[in-house]
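The values are calculated or read from the model by the stated rules, or taken from the named source; none is laboratory data. Here the structure is a predicted model, which means the values were calculated and not measured. Neighbour counts are summed over all protein chains in view; Cβ atoms, including those assigned to glycine, are modelled from backbone coordinates with ideal geometry. With ligands, DNA and RNA removed, areas are computed over all heavy atoms of the protein, side chains included. Shrake-Rupley method; radii C 1.70, N 1.55, O 1.52, S 1.80 Å.
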Number of protein chains: 4
Amino acid sequence: MRFSLQTRFNDYDSKGHVNNAVYLTYFELGRNAAWRSAVGDGEPGFILARALVNFRSPAVPGEALAIEVSAGEMGTRSWTWRYHVVEEASGRLIADGETTQVLYDYSTRSTVVIDEALRARLGGI
Amino acid sequence: MRFSLQTRFNDYDSKGHVNNAVYLTYFELGRNAAWRSAVGDGEPGFILARALVNFRSPAVPGEALAIEVSAGEMGTRSWTWRYHVVEEASGRLIADGETTQVLYDYSTRSTVVIDEALRARLGGI
Amino acid sequence: MRFSLQTRFNDYDSKGHVNNAVYLTYFELGRNAAWRSAVGDGEPGFILARALVNFRSPAVPGEALAIEVSAGEMGTRSWTWRYHVVEEASGRLIADGETTQVLYDYSTRSTVVIDEALRARLGGI
Amino acid sequence: MRFSLQTRFNDYDSKGHVNNAVYLTYFELGRNAAWRSAVGDGEPGFILARALVNFRSPAVPGEALAIEVSAGEMGTRSWTWRYHVVEEASGRLIADGETTQVLYDYSTRSTVVIDEALRARLGGI
């Protein structure tokens, strides 16, 4: 799954680059779009366990950015998604990384085993 | 009521100044501290109806900032609080403004008349 | 000028509504798009003098939002733009407001008189 | 190095928890304080290469948070700092992680070898 990011003026910090923390917000945009596409709304949901970002090349004002989300490792109750933020015109890699989510039922407050059908959908984004 | 703000690196945008939207976050820090001091937790709460900011002098990295909250007009169901963001060392005015709140009971989803006791507390911050 | 906003999960605060400060970021998206469309890059630029927001109806998760920017009063060295944030499906008004900008040359660090050609472009967004 | 965080209302997202991206902002507060304490201002500076966050326990409104920064691995031109965000009253671990920085001279736009004196200061925070 890939789509364009609507960058905001205050995504850029006083160095003139997209601030490091904002990449987790971009990842979140990608993750939530992937989740809605694969699963929809309702229970179970997920909790975030871990996030990793590699800062590859600073994004500067005026550059159009896109995010790509792809499937990573799949565990029994958790799974990893990978992210690439690129400059749209050139494809230059700005940042990449991954997050690990745990399948979680907020109504029962407990983790949930990922069944085969969901495994296919989470891995097929 | 006056207290120091813990500024963050990404409060500053690519112009090297605290971004305009961040002042509403500073006002919110002041407002919530004033509310807790005057009223505490629980119902009624309030909803925000209006916010005004005047940008007086840019805040640059390295400057320590403080916020001051003071009472403004008091209506039947709403009231105004005023804010001054200053540079702590010199007292230089960075931004000022005001917000109007409506007393609101989230449990009944209705506005609430400000009684005399609350009026005194909201006006005495 | 009107366009869709790409809302972010952390635009919403613990009340489940778009946080008040985020509307100034939405206004900024609208303002910068209007500025680029009317003027482009380079000098002069502008500084922000004042911002006003009226919170009309809370925006909740799942709602698609759009922003509309329109011309307001025009002064000798400053001008006002107006903003409406609406829910796209119904047109429901979420927030409106205005900001006042002062035409400013960052290279000479001085305010600039708005000439007739620029007046037409700033007023024609 | 350890100090208190001034949490903000919009640090919390619609789940009622500090949003995941905000932890990188907390880390940045810790990192910049550690850098100023160890090195001060001026060149060389650093660029951020990598950030990792483990989300251990959600932080909820009303909890006072603190951050602790400690030294991690030291390379030739890069070094790692570790972060722990804790609930102040109980010491409960909220999130931990690390970031890797590369020593960088912005005036010459090149990476810099960490000399012995700097190594001691970066490792002694």
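Extending each Cα 7 Å along its Cβ direction at A:Val113 and A:Asn54, get the distance between those two points in nm, one decimal.
3.5
Just how large is the dipole of the range C:59-125 about the Cα centre, in debye to the nearest 20, putting +1 at every Lys and Arg Cβ and -1 at every Asp and Glu Cβ?
260
Out of the GluC sites (Glu not before Pro) in the range A:67-106, which ones are loop residues according to DSSP with at most 13 other C-beta atoms within 10 Å?
Here the sparse-neighbourhood loop sites are A:Glu88.
Can you list the residues, at least 5 places off or on another chain, whose amide H is less than 5 Å from the amide H of A:Lys15, using H built in the peptide plane?
Placed amide hydrogens put nothing under 5 Å from A:Lys15.
Which distances, shortest first and in nm, link D:Phe3 to the matching position in the other copies, using label points set 7 Å out along Cα to C-beta?
Ordered by distance, the counterparts are at 1.6, 3.8, 3.9 nm.
Would you mind giving the total buried accessible surface between chains C and B, with a 1.4 Å probe and ligands, DNA and RNA left out, rounded to the nearest 100 Å²?
1500
If a paramagnetic tag sat 7 Å from the Cα of C:Asn32 along the Cα-Cβ line, which residues of the range C:79-116 would have the backbone N under 12 Å from that point?
Once the point is set 7 Å along Cα→Cβ of C:Asn32, nothing inside the range C:79-116 turns out to lie under 12 Å by backbone N.
Taking H placed 1.01 Å from N in the peptide plane, check which residues at least 5 places from C:Leu5 or on another chain put their amide H under 5 Å from its amide H.
Amide H neighbours of C:Leu5: C:Leu65, C:Ala66, C:Ile67.
Spelling out what I want: for every residue of the range D:34-41, take phi, set θ = phi - 60°, compute 6.51 cos²θ - 1.76 cosθ + 1.60 (Karplus), and round to whole Hz; glycine and proline get x.
After applying 6.51 cos²θ - 1.76 cosθ + 1.60, I find 5, 5, 4, 5, 7, 10, x, 9 Hz.
Given +1 on the Cβ of Lys and Arg, -1 on the Cβ of Asp and Glu, and no further charges, what dipole in debye does the protein assembly as shown carry about its Cα centre, rounded to the nearest 20?
For this selection, approximately 0 debye.
Could you tell me what percent of the accessible area of the range D:1-85 is made up of carbon and sulfur, with a 1.4 Å probe and every protein chain present?
47
Mind checking which aspartates and glutamates have their C-alpha under 16 Å from B:Lys15, skipping anything on the same chain fewer than 8 residues away?
Qualifying aspartates and glutamates at Cα under 16 Å: A:Asp11, A:Asp13, B:Glu63, C:Glu28, C:Asp41, C:Glu43, C:Asp105.
Using alpha carbons only, how many angstrom separate the centre of the range C:1-26 from the centre of the range D:51-117?
Answer, in whole Å: 29.
Please report, in debye to the nearest 20, how large the charge dipole of chain D is about its Cα centre when each Lys and Arg carries +1 at its beta carbon and each Asp and Glu carries -1 there.
Dipole magnitude for chain D comes out near 120 debye.
Once amide H atoms are placed 1.01 Å from N in the peptide plane, what residues at a sequence separation of 5 or more from B:Arg92, or on another chain, have their amide H within under 5 Å of its amide H?
For B:Arg92, the qualifying residues are B:Glu87.
Leaving out ligands and nucleic acids, note down the accessible area per residue over the range A:24-97 with a 1.4 angstrom probe, in whole Å².
Here the residues of the range A:24-97 average 39 Å² of exposed surface.
Which distances, in nm and shortest first, link the B:Gly91 label point to the same label point in every other copy, taking 7 Å along Cα→Cβ?
Label-point distances to the other copies, shortest first: 4.5, 5.3, 6.2 nm.
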